[in-house]
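Visitor: The structure is given below, and queries will be raised subsequently.
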Amino acid sequence: MNFNITKEQILLQQLYREFTEREVKTIAAEVDEEERFPIETVEKMQKYGMMGIQFPKKYGGAGGDNASYIMLVEEVSKACGTTGVVLSAHASLCAAPIYEFGTEEQKQKYLVPLASGKKLGAFGLTEPNAGTDAAGQQTKAVLNGDHYILNGSKIFITNASYADTFIVMAMTDKSVGTKGISAFIVEKDFEGFSIGKKELKLGIRGSATCELIFDNVKVPKENLLGKEGKGFSIAMKTLDGGRIGIAAQALGIAQGAIDETVKYVKERKQFGKSISKFQNTQFMLADMQTNADAARLLVYKAAFNKDNGLPYSYEAAMAKLFASEAAMKITTQAVQLHGGYGYTREYPVERMMRDAKITEIYEGTSEVQRMVISAHML
Amino acid sequence: MKKEDYSGVFVFIEQKDQKIQNVSVELLGKAQELAKDLGQEVTAVLVGHDVEHVERLGHYGADNILYANQKDLDVYMTEPYTKVLTEVINNKKPEIFLFGATAIGRDLAPRLAGRVFTGLTADCTSLEISAETKDFLMTRPAFGGNIMATIICPDHRPQMATVRPGVMKKSEIDTTKDIKIESIDVQINQEDMTYEILEVVNEKTEKMDIQEAHVLISGGRGVGNPENFGKLDDLAHELGGIVSSSRAAVDVGWMPKEVQVGQTGKTVRPNLYIACGISGAIQHLAGMEESDFIVAINKDETAPIFETADLGVVGDLNKIIPALIEELKVAKEVKNQ
Amino acid sequence: MKIVVCIKQVPDTNEVRLDPITGTLIRDGVPSIINPDDKSGLEAALVLKDKHGAHVTVLTMGPPQADLALREALAMGADEAILLTDRAFAGADTWATSLTLAKALEKMEYDLIVTGRQAIDGDTAQVGPEIAEHLKIPHISYAKDIQKEDDGLIIKRMFEEGYHLIRVKMPCLITALSEMNSPRYMNVAGVFDAYREKEVKILSIADLNIDKDEIGLKGSPTKVKKSFTKGAKTAGKLYKDLDEKEAAKMIVEKLQEKFII
């Protein structure tokens, strides 16, 4: 049982930390305040090969593994939850399914630009009437000669207004339920496809979360991902991988909050001494870090399983469930330990607390994770 | 090399645009002290063309002056200067050779030390002759200034050292001294011009970022109004630093956001941070508590900044800052005499 | 065009702390980095590689853990890496260090050698010029800009107030200033390549044409007689009842004591 990180990962961690400190942390407050997409950070990440870490070189990736990719999600999320989800949605939800289910032509045409940092990706499953009940897809895809015609809409889509490539789920045969859902690769410039309003959110405010609108969109037959009717299965498997990313995002947010709090309690003096000397502070911090480290083990075990061809759906669900709930608790405690100052925007912990909440909801709510975990057990 | 054959404390006299640089004159002062302890003489080595006031070298401590006065030595170039000084070392065999730790000195001295195979100690802040052993002790900062090291060069001659400007003190001027100027003639050939100077540009350095400054004079609400920041500017000018501020002064529009120090501003770690009229709220401390030396001036003796400051003065900054500027000017005068 | 960049792995002296009680240096946990001036030199070499297809080799003299610094350089885009490591090299002053590096460079092909102006631990700025002297090639220090022009280089050589624009023929050596550029980050694929596709060549004294008495501590003309810290940080002093002239005098005195002015 080897718990060590590899030589490459040691050097990568140094890279990730330097990059986060200089590029991500410096604009995190502004990204949240202005609700703006961190385009300059994404462009730099694209330049340095950070958008396709786990994909082979022949597809434009860095030739690395999932663990190395997850490490990056964790590191950037320590400074900025928004940046973490931008990366995770792109790599785990858009690039990954093309890698895992695409034809060689599709990989060359779509995966290479995504992995090599030339294009940004997004994933469209959720609809106004299909959230946790994802099977209730109302977006329709009708085959018409050499193309499908898509009609319908998606909501809450991360990266929507900046993405070039979208993995979209649509119903090709309503009569067979989930087995009638298919997955498609949609390009932003396809006629009839448009991006709708941007959501104003509690947290990850820099993330471009928008509607996708399909109005008789012509999608070439070659853009069907996998076989007709396999879309739901593809979506579920994709979300399994995405959960590891979100778990890493939640873990990063939690760890970032702890690190800020440790710094603060050493500086803040009340009753003649720094509040780090009070046992209550010490005990709270001990609990916070223990939970973060527990989450870390779950996250990296899930990544390890994926890298080694082992099943990981169950592990990913546990990691996502535990890390997100821990992040919510830890960030709330971080604000508490900062006292009144923690409630103001002068300190980053209130943003971390707002960012943490969504990790309990998207890519499968905590309730869904519990369903997955117990189904595995029973 | 036989150590006994070497004698004399030599100082390389740096000149720019025919003007002798201050650091060299400071070194003559130190050289005089060292020469006294060794019972040897001070020789100034000047390389240039038609340099002004060469006799000053004698007035400030040189017993001898060696002068290479040639047109092709007008502007500093590594190889010609190294060639000249190598001749000097081979002919005159100095015990010690001092250089200013300047952009020229730190280029010339190592090249020269490499050519004559001797030891060179950089950026010395103190130089002395050990009373017991007669060793030449060169003390200098290392590790980013976190430690001091005393270096010796036991078996090689000359013992070379570069010294920072402003560290050594000039001697008292003595215009009665008898000055001997000896001319050095070294043939500079085409192959000695190992590079070509296309352009010489003189310009002052551009405006600095507060995160790069070595000295920051920082103002807070206590400064009172934007005009008073002018006083901080004057003080900054006197100390070679720039002005920064706390959030309070930025929020009311007295200072721009780029110079804000603190949790929502920038984190700085200058050698010297003077906090004027800053209370020291925790958000501000987060941005400057790593400064090497913190001075705080505030009317309120209970201001939390005093808990972090190395030196705290309770008083009116509007009176203290002008007085401090005066005092600094006086101190500079004393040094330059 | 063949470029050799000499780099040094140094402790990040910005992160070094003094123990508040004993006043000694706390070296544990201080991260090791590529010396900033050297990293800028490496970036300048990589820019020349991007523009003119130069081949970049990084060379370092250090203990075995300097391998990490070389891997970082490879991950940034350097083509080859050489680690000069041997107990015999230890304790070297700038003369012995520059001689050892020069002996290694003698066996290599180069048009341009780049070093940093100075290391943040030694702070001497001597090794670069001394290497050039050992190799009998011209050197330009304090370089803020390097451009290739035909078979020569145009360098912006900085002084305290201004600069010289210099043209120099190769082979030559340049010492780089960290002000010259903002070094690129490692590339993720570059990190994997640094360990999988590229290798760090290790050289010891046996590979150099040199005697062990000429290098290391024995070969160093300068010796450290003693080293000491400036002392633990004492608690701050608060002065309350001084008039402005007294206060000003006292501040100036303290600043002089601390060598700040």
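The values are calculated or read from the model by the stated rules, or taken from the named source; none is laboratory data. Just so it is clear, the structure is predicted and the values come from calculations on it, not from any experiment. Reconstructed Cβ throughout: ideal geometry from the backbone, glycine too, with neighbour counts over all protein chains shown. Surface areas here come from the heavy atoms of the whole protein model, side chains and all, with no ligands, DNA or RNA. Shrake-Rupley method; radii C 1.70, N 1.55, O 1.52, S 1.80 Å.
Visitor: Report yes if some residue within region A:55-72 is within 14 Å of chain C (Cβ to nearest Cβ) and under 21 Å from residue A:361 (Cα atoms); otherwise report no.
Guide: Yes; the residues of region A:55-72 include at least one that is within 14 Å of chain C (Cβ to nearest Cβ) and under 21 Å from residue A:361 (Cα atoms).
Visitor: Would region B:86-97 turn up any residue that is open to solvent by less than 30 Å² (accessible area, probe 1.4 Å), closer than 30 Å to residue C:15 by Cα and not charged (D, E, K, R)?
Guide: No, region B:86-97 has no match at all.
Visitor: Taking region A:272-291 as the region of interest, how many residues are surrounded by fewer than 16 Cβ atoms within 10 Å (Cβ to Cβ) and within 14 Å of chain B (Cβ to nearest Cβ)?
Guide: Matching residues across region A:272-291 total 3.
Visitor: Follow-up question, since we're still on this one. Please state which one of A:334, A:294, A:327 is more than 14 Å from every other protein chain (Cβ to nearest Cβ), in contact (Cβ under 8 Å) with a residue 24 or more places away in the chain, surrounded by fewer than 18 Cβ atoms within 10 Å (Cβ to Cβ) and over 25 Å from residue A:134 (Cα atoms).
Guide: The unique qualifying residue is A:294.
Visitor: For region C:210-252, which positions are within 27 Å of residue B:140 (Cα to Cα), more than 7 Å from every other protein chain (Cβ to nearest Cβ) and modelled with pLDDT of 90 or more?
Guide: Residues satisfying the conditions are C:213, C:214, C:215, C:216, C:217, C:218, C:219, C:220, C:250.
Visitor: Restricting attention to region B:177-200, which residues are exposed (fewer than 12 other Cβ atoms within 10 Å of the Cβ) and among the hydrophobic types (A, V, I, L, M, F, W, C)?
Guide: B:198
Visitor: So, in region C:68-108, how many residues would count as being open to solvent by 40 Å² or more (accessible area, probe 1.4 Å), charged (D, E, K, R) and closer than 19 Å to residue C:193 by Cβ?
Guide: 2
Visitor: Checking the condition over 23 Å from residue A:28 (Cβ atoms), among the acidic types (Asp, Glu) and either surrounded by fewer than 18 Cβ atoms within 10 Å (Cβ to Cβ) or modelled with pLDDT of 95 or more (or both), which residue from A:350, A:315 passes?
Guide: Sole residue among the options that is over 23 Å from residue A:28 (Cβ atoms), among the acidic types (Asp, Glu) and either surrounded by fewer than 18 Cβ atoms within 10 Å (Cβ to Cβ) or modelled with pLDDT of 95 or more (or both): A:315.
Visitor: Please go through region C:140-171 and give me each residue that is within 7 Å of chain B (Cβ to nearest Cβ) and open to solvent by 40 Å² or more (accessible area, probe 1.4 Å), ordered by number.
Guide: Passing the criteria: C:160, C:161, C:165, C:167.
Visitor: Consider residue B:166 against the criteria (1) facing another protein chain (nearest Cβ under 9 Å); (2) in a loop (DSSP other than H, G, I, E, B); (3) open to solvent by less than 50 Å² (accessible area, probe 1.4 Å); (4) more than 25 Å from residue C:175 (Cβ to Cβ): it satisfies all of them except one. Which criterion is unmet?
Guide: Against the list (1) facing another protein chain (nearest Cβ under 9 Å); (2) in a loop (DSSP other than H, G, I, E, B); (3) open to solvent by less than 50 Å² (accessible area, probe 1.4 Å); (4) more than 25 Å from residue C:175 (Cβ to Cβ), residue B:166 comes up short only on (4).
Visitor: Here is a follow-up. Scanning for something basic (Lys, Arg) and in contact (Cβ under 8 Å) with a residue 12 or more places away in the chain, does region B:32-48 turn up at least one residue?
Guide: Within region B:32-48, not a single residue is basic (Lys, Arg) and in contact (Cβ under 8 Å) with a residue 12 or more places away in the chain.
Visitor: I've got another one for you. Of a type in the set (A, V, I, L, M) and open to solvent by 50 Å² or more (accessible area, probe 1.4 Å): does that describe residue A:378?
Guide: When the stated conditions are applied, residue A:378 passes them.
Visitor: When residues of region A:40-60 are filtered for being surrounded by 14 or more Cβ atoms within 10 Å (Cβ to Cβ) and outside any loop (DSSP other than H, G, I, E, B), how many remain?
Guide: 7
Visitor: Filter region B:50-78 down to the residues that are of a type in the set (Asp, Glu) and surrounded by fewer than 19 Cβ atoms within 10 Å (Cβ to Cβ) and list them by number.
Guide: Matches in region B:50-78: B:50, B:52, B:55, B:72, B:74.
Visitor: Considering only region B:239-251, state which residues are at pLDDT 90 or above and open to solvent by 30 Å² or more (accessible area, probe 1.4 Å).
Guide: B:242, B:247
Visitor: I've got another one for you. What pairs come out if I take residues in region A:173-185 that are free of Cβ contacts under 8 Å to residues at least 12 places away in the same chain and pair them with residues that are open to solvent by less than 30 Å² (accessible area, probe 1.4 Å) and outside any helix (DSSP H, G or I) whose C-beta lies under 8 Å away, six or more apart or interchain?
Guide: none
Visitor: Determine whether region B:239-253 contains at least one residue that is farther than 30 Å from residue B:172 by Cβ, assigned to a helix (DSSP H, G or I) and within 12 Å of chain C (Cβ to nearest Cβ).
Guide: No, region B:239-253 has no match at all.
Visitor: Checking the conditions here, which among A:238, A:178 is among the β-branched types (Val, Ile, Thr), modelled with pLDDT under 95 and crowded, with 16+ Cβ neighbours inside 10 Å?
Guide: A:178
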